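The values are calculated or read from the model by the stated rules, or taken from the named source; none is laboratory data. Keep in mind that this is a model prediction, so the values were computed, not measured. We place every Cβ from the backbone using ideal geometry, glycine too, and count neighbours over all the protein chains shown.
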Amino acid sequence: MESLVNQELLSTYRGKKVFITGHTGFKGAWLLLWLHSLGAEVKGYSLAPEDENCLFSNIHKEINFSHVIADIRDKERLSTEILNFQPDFIFHLAAQALVRRSYEIPAETFEINVVGTANVLEAVKELSVPCSIVVITTDKVYENREINYHYKEDDILGGYDPYSASKAAAEVVVSSFRNSFFNIENYLIHRKGIASARAGNVIGGGDWNKDRIIPDIIRALEKGQSIAVRNPNAIRPWQHVLEPLGGYLRLGILLNHDASKYSGAYNFGPLPNDHLPVSSLVALSLECWGSGNWIDNSTSTAPHEAGLLQLDINKAKAKLNWHPKLNSKEAISWTIDWYKSAYGNIFNYTLQQIQKYHQQ
């Protein structure tokens, strides 16, 4: 089965034009490298990376692709770049992706995540070629009641913090464009398939973002400091970055085959019994690293973050034939191994993990 999936990836993406927004980000850089390995012709549109040590900064010179540094809110520039490229596939990852940051810049978060998504889809309206579009949102789009429940794609959308609310609003934008302009009943006229992907908490090598648990762990360990953990009891659907990316690529394949059947929203996350509290993720990370300790740094005055969030992935399993290949312990091990082993050989080590994932 795995060799068949790999052949599908190669036969679908080799030589095809793929437009990625947010390609300089953590997930975007992994997707850029994966598509490069599949022989796709990639054009990336993103802000410049904020950290010179980020994954993109360490791999982009080894990849042949078109590279546009621009803002997703620049509607005219974005439209020009998409229409000039005439992509077969679009993966929209560009976002303000941090919950705590959204409390500092709430209006800007909505501009980037909601208006930015509308800008992408409005440009797609003008495309003259068939195109499959995957819009990446988040597991946090649901009206989270923080109960022992796994959220399904047809559950009520919502959001306590500006980030979560902006991503829920982006889902409404996607639904509106799908109904108004890319309705599956008129596919033979517009030839556009559009889906949204809601991924759980993603971990993996090369992430140096502020206020994310794995980068916080690595920074503390490299300095010989105790890891300050702000929400040790929070339970999350942790998954290695290659899991949802594999889902996005799979979704692109199926949209390309039959947009009327596969348009819609999909959750990507771990199996139901594999959601871990932050404290367990930290403990497993320390076990993989071989040393270190952590302290509880939770405080009642911190901005609100959900204490419990779980995803139901049955739709992706049933409709897309997608399933997690790595359990949470393996995802953590792969991630910590990257930070221990990749330095000095980041491009090759990251590519090796992609190839290893193919073989799982």
Quiz item: Is it the case that some residue within the stretch 132-150 is at pLDDT 95 or above, farther than 29 Å from Val282 by Cα, assigned to a loop (DSSP other than H, G, I, E, B) and out of contact with any His (no Cβ under 8 Å at 6 or more places or on another chain)?
Solution: no
Practice problem: Among what's in the stretch 207-227 and is touching a residue at least 40 places away in the same chain (Cβ under 8 Å) and assigned to a loop (DSSP other than H, G, I, E, B), pick the residue that is surrounded by the most Cβ atoms within 10 Å (Cβ to Cβ). | Solution: Asp207
Quiz item: Looking at the stretch 222-259, which of its residues are within 16 Å of Leu326 (Cβ to Cβ) and in contact with a Gly (Cβ under 6 Å, 6 or more places away or on another chain)?
Solution: Pro237, Gln239, His240, Val241
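Any residue at all in the stretch 260-281 that's at negative phi, part of a loop (DSSP other than H, G, I, E, B) and of a type in the set (Asp, Glu)?
To start, the set of residues in the stretch 260-281 that are at negative phi comprises 260-263, 265-281.
If we keep only those that are part of a loop (DSSP other than H, G, I, E, B) too, we end up with 263, 269-271, 275.
Of the ones still in play, those that are also of a type in the set (Asp, Glu) are none.
No.
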Quiz prompt | Residue list for the stretch 284-298, filter: under 15 Å from Ile214 (Cα atoms) and acidic (Asp, Glu) | solution = Glu287
Quiz prompt | Those residues of the stretch 15-54 which are farther than 17 Å from Tyr248 by Cβ and either among the basic types (Lys, Arg) or in contact (Cβ under 8 Å) with a residue 60 or more places away in the chain (or both), in sequence order | solution = Asp51, Asn53, Cys54
Quiz item: Do you know which of the residues in the stretch 139-167 that are in contact with a strand residue (DSSP E or B) (Cβ under 6 Å, 6 or more places away or on another chain) and within 16 Å of Leu98 (Cβ to Cβ) is surrounded by the fewest Cβ atoms within 10 Å (Cβ to Cβ)?
Solution: Asp139
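From the set of residues in the stretch 181-200 that are surrounded by 15 or more Cβ atoms within 10 Å (Cβ to Cβ) and among the β-branched types (Val, Ile, Thr), which is farthest from the chain's Cα centre (by Cα)? Please lay out each step first, then the result.
Taking the stretch 181-200 and keeping what is surrounded by 15 or more Cβ atoms within 10 Å (Cβ to Cβ), we get 181-184, 187, 190-200.
Okay, now just the ones that are also among the β-branched types (Val, Ile, Thr), so 184, 194.
Numbers: Ile184: 25, Ile194: 16 Å.
By that ranking, first place goes to Ile184.
State the number of residues belonging to the stretch 22-80 that are among the charged types (D, E, K, R), within 16 Å of Leu351 (Cα to Cα) and either surrounded by 17 or more Cβ atoms within 10 Å (Cβ to Cβ) or within 20 Å of the chain's Cα centre (by Cα) (or both). Give the steps one after another, and end with the answer.
Residues of the stretch 22-80 among the charged types (D, E, K, R): 27, 41, 43, 50-52, 61-62, 71, 73-77.
Narrowing further to those that are within 16 Å of Leu351 (Cα to Cα): 27, 61-62.
Narrowing further to those that are either surrounded by 17 or more Cβ atoms within 10 Å (Cβ to Cβ) or within 20 Å of the chain's Cα centre (by Cα) (or both): 27.
Going through the stretch 22-80 one residue at a time, the tally reaches 1.
So that you can scan it fast, the table gives a plain yes or no per residue for (1) of a type in the set (Val, Ile, Thr); (2) over 22 Å from Cys54 (Cα atoms); (3) in a helix (DSSP H, G or I); (4) in contact with a Lys or Arg (Cβ under 6 Å, 6 or more places away or on another chain):
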position: Val174; (1), (2), (3), (4): yes, yes, yes, no
position: Phe177; (1), (2), (3), (4): no, yes, yes, no
position: Tyr187; (1), (2), (3), (4): no, yes, yes, no
position: Ala195; (1), (2), (3), (4): no, yes, no, no
position: Gly205; (1), (2), (3), (4): no, no, no, no
position: Pro232; (1), (2), (3), (4): no, yes, no, no
position: Arg250; (1), (2), (3), (4): no, yes, yes, no
position: Ile253; (1), (2), (3), (4): yes, yes, yes, no
Quiz item: Would you pick out the residues in the stretch 234-248 that are at pLDDT 95 or above and not in a helix (DSSP H, G or I)?
Solution: Gln239, His240, Val241
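Could you identify the single residue in Ser279, Ser263 that is farther than 28 Å from His36 by Cα and in contact with a strand residue (DSSP E or B) (Cβ under 9 Å, 6 or more places away or on another chain)? Break it down into steps so the answer makes sense when it comes.
Details: Ser263 fails: farther than 28 Å from His36 by Cα.
Exactly one residue qualifies, and that residue is Ser279.
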